[in-house]
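First comes the structure, then the notes that go with it.
The values are calculated or read from the model by the stated rules, or taken from the named source; none is laboratory data. Just so it is clear, the structure is predicted and the values come from calculations on it, not from any experiment. Reconstructed Cβ throughout: ideal geometry from the backbone, glycine too, with neighbour counts over all protein chains shown. Protein only, heavy atoms only, side chains kept; ligands, DNA and RNA dropped before computing areas. Shrake-Rupley method; radii C 1.70, N 1.55, O 1.52, S 1.80 Å.
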Amino acid sequence: MPTVYVTRRVHFNAAHRLHNARRDDDWNRSTFGPCNNPNWHGHNYVLEVTVAGEPDPETGYVIDLGTLRSIVEERIVRHVDHANLNLDVDFLAGILPSSENLVVAFWNRLEGCLPAGHLHSLKLYETERNFAEYRGE
Ligand code: NI
C-alpha cells in the first residue's frame with residue numbers, strides 16, 4: 001500500500017519575547033535582536049501539520065482533513081491565538097518561545113491524538129522566510 005502525506009495549514013497571531021534570564025541584557029540584545037524587545041512583539045504564525053498513512057480503502061483519505069483541523073484547533077490554536085506565548089499558555093510555561101522550541105511543544109500536543117495515520121512533520125513559519133520543522137526525532 002502506498003504511503004501518502006497530507007497537510008493541513010493553520011494560522012495564528014501571537015506575541016512573544018526571546019529572552020534568557022540566565023544571561024545579561026547585552027547578551028540577550030545581541031543574541032535575539034528585535035525579538036528581545038522588552039515590550040513584546042507579534043508574529044503572524046503559520047503551522048503546517050503533515051500526517052502520513054495509507055489511504056483508507058472506503059474513503060480514500062489518510063485522515064479526514066476536517067477532523068485534523070478540529071484537533072489542531074483544539075490542542076494548539078485556541079491556546080496560542082492572540083496570546084502572549086511567554087505568559088498565557090500553560091503548555092509553554094518555562095519554554096523560550098523560539099520557533100524551534102514551539103514546534104517541539106506543538107508536536108507533543110498532537111502526538112497520540114490522531115484517529116488515523118501518524119504525525120510526520122510540523123513546520124512552523126514565524127515569517128514567510130523563516131520556519132522550523134520537527135519530525136519527532
Ligand atoms: Ni520574534
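Overview of values
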{"read-out": "Selected residue (only one of 95, 76 is open to solvent by less than 10 Å² (accessible area, probe 1.4 Å) and β-branched (Val, Ile, Thr))", "value": "76"}
{"read-out": "Complete set of residues in the range 41-66 that are open to solvent by 50 Å² or more (accessible area, probe 1.4 Å) and not small (Gly, Ala, Ser)", "value": "44, 54, 56, 57, 58, 59, 61, 64, 65"}
{"read-out": "All helices (runs of 4 or more DSSP H) inside the range 24-137 with 3 or more residues being away from the ligand (no atom under 16 Å from the Cβ) and more than 24 Å from residue 5 (Cα to Cα)", "value": "25-32"}
{"read-out": "Condition broken by residue 18, with the remaining ones in (1) in a loop (DSSP other than H, G, I, E, B); (2) open to solvent by less than 30 Å² (accessible area, probe 1.4 Å); (3) within 24 Å of residue 128 (Cα to Cα); (4) more than 13 Å from the ligand (Cβ to nearest atom) satisfied", "value": "(4)"}
{"read-out": "Verdict on residue 36 being under 19 Å from residue 130 (Cβ atoms), under 19 Å from the mean Cα position of the chain (by Cα) and at pLDDT 95 or above", "value": "no"}
{"read-out": "Residue in the range 25-40 that is among the aromatic types (Phe, Trp, Tyr) and open to solvent by 80 Å² or more (accessible area, probe 1.4 Å) present", "value": "yes"}
{"read-out": "The range 17-36: number of residues that are within 16 Å of residue 101 (Cβ to Cβ) and either touching a strand residue (DSSP E or B) at 6+ places or on another chain (Cβ under 9 Å) or of a type in the set (A, V, I, L, M, F, W, C) (or both)", "value": "5"}
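Yes/no matrix, rows are residues, columns are (1) within 21 Å of residue 130 (Cα to Cα); (2) under 12 Å from the mean Cα position of the chain (by Cα):
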{"position": "43", "(1), (2)": "yes, no"}
{"position": "65", "(1), (2)": "no, no"}
{"position": "70", "(1), (2)": "no, no"}
{"position": "90", "(1), (2)": "no, no"}
{"position": "94", "(1), (2)": "no, no"}
{"position": "108", "(1), (2)": "no, yes"}
